[in-house]
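Below: the structure, in structure tokens.
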Amino acid sequence: MFKTNNVASRIFERQIRTPAPGTSVHSARRFYENLVPSFTIYDVECPDHSFFKFTDDGQYFVCFSRNRQDLIVYRPTWLSFSCKGEDCDNNQELPPQAKRFESFFTQLYVKPLASCNELICKDFFLYMESNQFGIFATSTAQIQDARGTDGAILGVPSFEKITIHLFRWVEGILTSVGEVCNVSSASNKSHARFMEWENLHPLRKPQHLRLHPGPILELLRVSGTSQTSAQVAKIHSTRWLEDGFKLDEKVFHNDCVNLTHNMGAFLYDDLLAVVSLRYQTIHILQIRDSGNLVDVRAIGAYCREDDELFINSNNGTNHDQPNSNNSFLSGIKQRLLSFIFREIWSEETDQTQRVQCLKKKFYFHFQDYVDLVILKVQFLDRHHLLIKFGSVDVGASRNTDQLPAFFAVYNMETTEIVAFYQNAADELYLLFERFCDHFHATSINSMYMNFISSHSNNIHALEQLKSMKNKATSVSQDSARHDNGVAGYHFQHSILSLHLQFCMPNCLMTLLQFVKKMLSSLPLNCQSMSPSPYFDQSLFRFDEKLISATDRPRQSTDHPIRFISRRQPNILKFKIKTGPEFGGADGRSKKYSHFLFHPAWPLALSFIQPSLFLPPSAVNIHFRR
């Protein structure tokens with residue numbers, strides 16, 4: 001749409017040109033090519049907190065106390081300072097007060113979240129944007145050798161108490177209308193720079209959700225642009241009454257929920273799915289507008305609401321938990337086995353071949369199917385779940401690429417398994433490649449999360465994925481040709497065979513390994529990616545080994561991370577360096593860097609950690625000055 005990089009020309013061109021249907025937001029996001037972080041404050045003075053993430057709408061910055069007892073919430077603001085003279089934006093030295101954490105963030109409240117014997121799960125947080133609810137979790141210490149109880153599977157650790165907390169961010173809105181006079185163009189240039197990009201922001205929020213420094217100020221349109229002082233404009237001042245009130249909680253006793261990076265829970269609109277690893281149950285909770293967590297159903301031992309009543313009425317028993325000595329399989333396991341049986345049955349039409357096929361594919365692996373456990377789950381829509389099955393070892397291992405795992409699509413309304421795949425299935429990989437956005441299952445109310453780049457909505461990400469796939473395919477073909485060529489020369493080429501067998505998997509992936517690696521991320525972690533436009537691969541190109549939209553610490557580098565324009569491949573838009581150009585740090589020591597980007601503003605925080613388990617040694621703030 002735009003033919004120039006000048007921001008003023010782009011604004012004028014936006015007024016006279018109409019983008020193609022369905023591309024207005026994407027066209028407006030190109031303004032971020034002009035609005036980039038251009039200045040860095042190194043080693044910022046900041047409180048001793050555990051900084052976690054921005055909310056998806058950018059309204060709040062979530063932190064935890066270092067002892068993991070308190071929830072601390074900040075409001076992102078914009079740096080504001082005064083200077084004298086002309087052209088002082090780029091030449092004026094920042095005052096010492098501007099180099100503090102409080103110059104960019106305003107603390108709203110500190111709320112105790114964990115009890116004396118509990119700790120906050122510092123890697124778990126879900127945000128419900130429509131109602132501005134926050135979901136946190138606390139737990140007691142892990143019991144590794146927990147004794148077996150009725151319905152609990154062996155090999156899974158236990159927590160005496162796991163609590164899911166539902167918090168309300170805001171209580172209400174106070175709005176007042178007033179007047180402001182003598183608005184001078186020379187005063188507070190940083191505030192004017194903030195308004196410059198805020199007015200260009202393509203995803204304009206409603207009046208009560210707009211972000212401005214301090215109170216939300218909306219200047220009404222004033223005719224004429226030559227006035228520089230003595231202007232009178234009406235101001236709508238909106239102030240949030242932040243209270244951080246705890247609304248409800250859900251407690252799991254003597255259970256295990258993997259809350260690391262939101263792995264054990266998934267939020268879709270007002271539905272929350274929580275996976276109990278110990279009791280193999282998927283708890284479906286609904287978050288009401290009133291702030292209540294309501295149990296909708298529990299999928300595991302029983303699938304329908306009256307299954308437990310029906311079984312107990314026929315057995316004459318009444319148990320809260322299914323007995324581990326019971327000969328009955330769980331309801332979800334019976335659904336899975338019946339689906340596998342029917343699929344294998346329908347493969348053959350001849351009765352003799354059908355029986356042989358069942359013996360080979362079903363009865364021979366029957367115990368393996370029975371031993372499968374639920375590891376992870378996500379919503380595909382309001383009625384379908386994607387469930388990952390595997391062994392207990394898969395849930396405890398960090399590298400799950402080469403371990404066997406299975407995926408099932410479950411319909412909650414009909415209580416049926418509608419699809420079943422192995423973790424190396426080409427059919428599932430093709431679905432993931434072409435329809436990756438459907439696996440993210442973002443809420444229809446989310447403005448920002450719907451613009452995360454993936455290989456199903458971005459041509460550059462797709463080309464990168466196909467390049468990796470082509471390399472894996474060529475390695476597989478070379479390995480197959482070698483296996484055929486050395487059949488008659490096994491003795492002479494034994495050394496080469498050993499090299500291909502043991503060395504090649506360590507440096508190159510075969511196609512099978514590539515498919516397993518791609519599918520190992522399923523089901524996707526909920527809200528684990530940053531919606532920042534600077535990770536939009538249609539706007540910028542960057543090294544994903546150093547930085548990406550996924551919030552994870554990575555090994556730090558001495559070289560700056562460069563963001564290159566996509567439309568102009570040789571133009572450097574901005575760069576981010578985690579330390580001064582001529583620092584005195586020891587280059588031999590391994591360090592890790594972690595980045596947090598604001599979802600809308602040209603604002604980012606970088607954290608330098610000497611170890612993954614130690615607090616950051618330095619905090620830097622990157623922003624547009």
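Every read-out reported here was derived from the displayed coordinates using simple, explicitly stated rules and does not represent laboratory data. As the structure is a prediction and not an experimental result, all values here were calculated from the model. Cβ coordinates were reconstructed from backbone atoms using ideal geometry, including for glycine residues, and neighbour counts include every protein chain displayed.
Brief remarks on what is shown
- Length gained on full extension, residue 427 to residue 380, computed as 0.36 nm times the residue gap minus the Cα-Cα distance: 15.2 nm.
- Computed E for residue 541/residue 154 - FRET, C-beta separation, R0 51 angstrom, nearest 0.05: 0.55
- Contour minus Cα-Cα distance for residue 512 and residue 261 (0.36 nm per residue): 87.7 nm
- FRET efficiency for residue 438 and residue 271, using Cβ-Cβ distance with R0 set to 22 Å, rounded to 0.05: 0.85
- Once both labels are positioned 7 Å from their Cα atoms along Cα-to-Cβ, the gap between residue 460 and residue 520 label points is 2.7 nm.
- Among the listed pairs 122/575; 359/471; 161/590; 360/545, a Cα-Cα separation exceeding 32 Å is found for 359/471; 161/590; 360/545.
- The stretch 348-382: chymotrypsin sites (Phe, Trp or Tyr not before Pro) in DSSP loop, at most 12 other beta carbons within 10 Å: 364
- For the residue pairs 333/361; 388/516; 466/573; 466/517, alpha carbon separations beyond 19 Å are given by 466/573.
- FRET efficiency, 1/(1 + (r/R0)^6) with R0 30 Å, evaluated for residue 15 and residue 570 via beta carbons: 0.50
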